[in-house]
1. Which ones in the stretch 105-137 are modelled with pLDDT of 95 or more, basic (Lys, Arg) and farther than 23 Å from Pro32 by Cα?
2. Assess whether Thr44 counts as being part of a loop (DSSP other than H, G, I, E, B) and touching a helix residue (DSSP H, G or I) at 6+ places or on another chain (Cβ under 9 Å).
3. Count, please, the residues in the stretch 1-37 that happen to be closer than 24 Å to Leu122 by Cβ, surrounded by 14 or more Cβ atoms within 10 Å (Cβ to Cβ) and either of a type in the set (A, V, I, L, M) or touching a Lys or Arg at 6+ places or on another chain (Cβ under 8 Å) (or both).
4. Restricting to the stretch 26-84, give me the number of residues that are touching a strand residue (DSSP E or B) at 6+ places or on another chain (Cβ under 9 Å), more than 30 Å from Ser156 (Cβ to Cβ) and of a type in the set (S, T, N, Q).
5. Is there a residue being part of a strand (DSSP E or B) and surrounded by fewer than 20 Cβ atoms within 10 Å (Cβ to Cβ) anywhere in the stretch 84-100?
6. So, Ile102, is that one modelled with pLDDT of 95 or more, among the aliphatic types (A, V, I, L, M) and within 22 Å of Leu33 (Cα to Cα) or not?
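The values are calculated or read from the model by the stated rules, or taken from the named source; none is laboratory data. Keep in mind it's a predicted model, so treat the numbers as computed, not measured. Ideal geometry is used to build each Cβ from the backbone, glycine not excepted, and the neighbour counts take in all protein chains shown.
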Amino acid sequence: MNPNRYSLTFACYNSVEYTKLCVESMVKHGTPLDRLIAVDNGSTDSTREYLETLPLGGKVFNHANYGCGVAWNQGILALQTEWTIVMNNDVLVSPFWIENLIGAAEKVGAKIISPALIEGKLDYDFDLFGQEASRKMQNTHRIGARHAVCLAVHRSVWMDIGFFQPVPSLLGYEDTLFFNQAKKAHIKMAMTGASWLHHYGSITQTAMKLERGLKEKDDLAYRYNYKLLNQSWLERKLTKVARKKQEKIWRNSEIQEHGISMHGIRENNAFKWL
C-alpha cells in the first residue's frame, strides 16, 4: 500500500517503556515511522527525550495534559491523509496490519474500522498468533463494532461529523462521543479479523488515576459525562443490552468457525474470548 495514503498518530503521557515497545513493534513489522505523528501530553518521565531520538513524521510537545481529544486532533491535522489511524501507545502491531486494516475497510465499505484485539499480559507469541489469526479471519468482520484502542478513519468522516471534542476534562470520554456522532450520521463502522493488535491495557489512564488518587476500578472520566449523549437512561440501557447480545452472537459464530473470536483477554496463561 502506498504509505502516502495513510498517517498514524498516538498520544503519550508518561509510561515511556510502553511507547518504546509500540515503536519497536512498528519497526519490526515495517511500519514507516515517517508516517507517525507522536503527541506528548506533558510527560514528566523520559518520553520526550525518547521521542526526540526517533525519525518520526512529526512530534508535538504539549505543555500540559490536554486530554485525548486535543492530542488526537493535533496528530490528525499535522499529517492529513486519506486514512488516519488513531491508536494507543500501549499496543503491539502484527505483520501487514495497516494494509489489512484499510483493505478490510475498503472491502466492506466502512469509513471507521478497528483491528481485532488481544488484551492483557504478553505471555504468548503474539507475532505467531497475529499472523495465523489474520490468515484465518481475513474475511471475518463485525459490522457496527469499533473500539478506541485503534481506529482507522477515512478523511470524509472529519468533514461529516468533525473531529474529537477538544475538552481536557472529558478524560477519556472523547471516543464515546465521537462514536455516538458517527452512529447518528449513519457512518459505517466495523471491526475486522484481518488485522490484529496486542493491547497491554489502558496504561495511560491507569497512570492518570494514580495521580488523582483513584482506584483502578474507578472511572477516570467525570461521572455525568453521559449527559452529553442526550440520551435517556432507558435508551442507554437498551443500547447496552443490544450491544452485549450482538457481541455474544459474533463471539459464538467466530469460535464455531475459527476456534477463536475477534476479541480476547489473556487470563491465567489462556485466552478468554469475548
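1. Scanning the stretch 105-137 gives Lys107, Lys136.
2. Against the criterion (part of a loop (DSSP other than H, G, I, E, B) and touching a helix residue (DSSP H, G or I) at 6+ places or on another chain (Cβ under 9 Å)), Thr44 does not qualify.
3. Summing the residues that are closer than 24 Å to Leu122 by Cβ, surrounded by 14 or more Cβ atoms within 10 Å (Cβ to Cβ) and either of a type in the set (A, V, I, L, M) or touching a Lys or Arg at 6+ places or on another chain (Cβ under 8 Å) (or both) in the stretch 1-37 gives 8.
4. 3
5. Residues of the stretch 84-100 that are part of a strand (DSSP E or B), as a first pass: 84-87, 91-93.
Next cut, surrounded by fewer than 20 Cβ atoms within 10 Å (Cβ to Cβ) only: none.
No: the stretch 84-100 contains no residue that is part of a strand (DSSP E or B) and surrounded by fewer than 20 Cβ atoms within 10 Å (Cβ to Cβ).
6. Details: modelled with pLDDT of 95 or more: yes; among the aliphatic types (A, V, I, L, M): yes; within 22 Å of Leu33 (Cα to Cα): yes.
It is true that Ile102 is modelled with pLDDT of 95 or more, among the aliphatic types (A, V, I, L, M) and within 22 Å of Leu33 (Cα to Cα).
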